[in-house]
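Data block below; observations after.
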Amino acid sequence: MKKTLLLLLVVLMVLAPLVAQGSKEDGSAAKELVVYASVDEANAVKILDAFTKDSGIKTSFVQLSSGPALTRIQAESGRPQADVWLGAPSDNHVTAKVDGLTVPYKGAAFEALGAEFKDPDGYWRGFYMNPLCFGVNTTSLAKRGAAVPKSWADLLKPEYKGLIQVPTPQASGTATTMIYSLIEIMGEDEAFTYMAKLNANVQTYTSSGTGPSKGVNVGDAAIGIQFSPAFFQMKANGQPVEIVFPTEGFGFEFPAASILKGAKNYEAAKIFMDWLVSKRGQDVLKATGTYFYPVIADAEIDPVMPAFSTLDVVGVDLAYYSSRKTELVERWVSQVLSAKK
């Protein structure tokens, strides 16, 4: 009898952790979600709060620009402190896939998403679009007696010296998208020659992709080059901001989301990925005032935003530019950042 009881006790001790683990995977894992957010902090809050309201899943996040986020995820390989990487231009998620840092997941919402907005194997999915543009503080520019620029070429004019803020590709995915699109528009050598000339007019390079809009907002900079949402928001609020889409063409981003390999809250991560590109998740972009363009056709946009189909955007080969990202950033440092002011 004692041997039987002892054997039963041993069996229960072995099974208890397995039962607990199974219970966590089936239930409690879908009660919490931890995110590395490369979306700007204000919009990360809007999106994640809306998800919590819809799903009941609590969320927390750490806000990191795309470069630092990828570095952290690489350092935590296989033992991430977050479950999902939300935001950063899609080429960063291509890199994360190649490095074995993410896991595939599809689901019903994934199948309905356009092929251009997803990895075919399910490793990442785009969830909004933003075009590059110039945001111009017309009050600050008028003080210098300068006209509103209309093209990339205009930005080289001497009247804009010290008036322009641009993000740095050393930390910002916005800036690498700018490099890629300028290469597509001008050719690689010509693009770097152009950026070296532009350097003479740049007041500062910001570490964050949304940094220039902050300078434009308070008038520290007359012109900021970045993606459009912050400028749309300023315009909607009645601020003296003009949004310029350069005449030669311009790039755009479609930031993505990925589930990190080793995610502790995998079930919650799957629910979030489905919600993100569902009609409900996409409508949240307008309802909460993100000024992001949705990636599904039947979602709404704010009236201040022109239809995306009317914009002269330039597409890029994500796989190609992702494989050359380090090389191109290093060239930018040596050829552009070091150029004489």
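The values are calculated or read from the model by the stated rules, or taken from the named source; none is laboratory data. Every value quoted in this text rests on a predicted model; they were computed, and no experiment measured them. Using ideal geometry, Cβ is built from the backbone for each residue, glycine included, and neighbour counts are taken over all protein chains shown. Just so you know, the surface numbers come from the protein's heavy atoms only, side chains and all, with ligands and any DNA or RNA stripped out. Shrake-Rupley method; radii C 1.70, N 1.55, O 1.52, S 1.80 Å.
Side notes on the structure shown:
- Residue in the range 94-106 that is modelled with pLDDT under 95, surrounded by 15 or more Cβ atoms within 10 Å (Cβ to Cβ) and not in a strand (DSSP E or B) present: yes
- If the condition is being out of contact with any Gly (no Cβ under 8 Å at 6 or more places or on another chain), open to solvent by 30 Å² or more (accessible area, probe 1.4 Å) and either of a type outside the set (Val, Ile, Thr) or touching a residue at least 60 places away in the same chain (Cβ under 8 Å) (or both), then the range 180-199 contributes Met186, Glu188, Asp189, Glu190, Lys197.
- The set of residues in the range 152-179 being touching a Pro at 6+ places or on another chain (Cβ under 9 Å) and open to solvent by less than 10 Å² (accessible area, probe 1.4 Å) consists of Trp152, Leu155, Tyr160, Ile164, Val166, Pro167, Gly173, Ala175, Thr176, Ile179.
- Condition check for Gln239: closer than 30 Å to Asp83 by Cβ, open to solvent by 10 Å² or more (accessible area, probe 1.4 Å) and polar (S, T, N, Q): no
- First in the range 324-337 and in contact (Cβ under 8 Å) with a residue 12 or more places away in the chain, second anywhere and charged (D, E, K, R) and part of a helix (DSSP H, G or I), Cβ under 9 Å, 6 or more apart: Lys325/Asp91; Leu328/Glu188; Arg331/Glu188
Residue-wise test of (1) under 21 Å from Gln226 (Cα atoms); (2) out of contact with any Leu (no Cβ under 8 Å at 6 or more places or on another chain); (3) crowded, with 17+ Cβ neighbours inside 10 Å.
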| residue | (1), (2), (3) |
| --- | --- |
| Thr247 | yes, yes, no |
| Gly251 | yes, no, yes |
| Ala263 | no, yes, yes |
| Lys270 | no, yes, yes |
| Gly281 | no, yes, yes |
| Val284 | no, yes, yes |
| Tyr320 | no, yes, no |
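- Pairs, first closer than 11 Å to Tyr194 by Cβ and modelled with pLDDT of 95 or more in the range 148-165, second buried (at least 23 other Cβ atoms within 10 Å of the Cβ) and not small (Gly, Ala, Ser), C-beta under 6 Å, six or more apart: Leu155/Pro149
- Answer residue from the range 30-76, given it is at pLDDT 95 or above and part of a loop (DSSP other than H, G, I, E, B) and is nearest to Val94 (Cα to Cα) among those: Glu76
- Positions within the range 161-174 being under 16 Å from the mean Cα position of the chain (by Cα), among the small types (Gly, Ala, Ser) and in a loop (DSSP other than H, G, I, E, B), in sequence order: Ala171, Ser172
- Count of the range 70-117 residues which are basic (Lys, Arg) and in contact (Cβ under 8 Å) with a residue 40 or more places away in the chain: 2
- Within the range 73-88, tally of residues that are at positive phi and open to solvent by 10 Å² or more (accessible area, probe 1.4 Å): 1
- Among residues of the range 281-340 being part of a helix (DSSP H, G or I) and of a type in the set (Phe, Trp, Tyr), the one that is nearest to Ala196 (Cα to Cα) is Trp332.
- Those residues of the range 118-143 which are open to solvent by 10 Å² or more (accessible area, probe 1.4 Å), in contact (Cβ under 8 Å) with a residue 40 or more places away in the chain and aliphatic (A, V, I, L, M), in sequence order: Met129
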